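All of the numbers you see were taken from the coordinates with simple rules; none came from a lab. Note that the structure is predicted; figures quoted are calculated from it, not measured. Cβ placement follows ideal geometry from the backbone for every residue including glycine, while neighbour counts extend to all protein chains displayed.
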């Protein structure tokens, strides 16, 4: 099973997700947004699969630090893509590509069903 986990290594949720995978012996590749950037073809595929509203983390620190005008400018898929491509920290983490589809965020129960 080929699994790729995308995220930021110092993100607490990504740390929990990686530990969850390791505890279960699930092999996976890790793509570090900070070192490797956001792969735009994948971003487009994630947006098609999950929707930009799911991928855009409006609860995170990066979003909250944006000024109100910048936040208001994100109103559709194109504007969300532009922001996520420029500032990977606004992407909800982790994003996991696996043979059965896509997971966004870390929910142990959902992951157990999807990756079992």
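Rounded to the nearest 5, what % of DSSP beta bridges with both residues in the chain are antiparallel?
65 percent
GNM on the chain, C-alpha springs below 10 Å: top fluctuator among 95, 104, 74?
With Cα springs under 10 Å in the chain, the top fluctuation among 95, 104, 74 is at 74.
Rounded to the nearest 500 deg cm²/dmol, what is the calculated helix-only ellipticity per residue at 222 nm for the chain, with -39500 (n - 2.57) per DSSP H run of length n ≥ 4?
-13000 deg cm²/dmol
How big is the Rg/Rh ratio for the chain, C-alpha atoms only, Rh by Kirkwood, two decimals?
Taking Rh as the inverse mean 1/r over Cα pairs, Rg/Rh reads 0.96.
For a label point 7 Å from the Cα of residue 30 along Cα→C-beta, name the residues of region 94-116 whose backbone N is under 19 Å from it.
Within reach of a label on residue 30: 94-98, 103-108.
Please determine, in degrees from 0 to 90 and to the nearest 10, the orientation of helix 40-50 with respect to the longest principal axis defined by the Cα atoms of the chain, where the helix direction is its Cα long axis.
80 degrees
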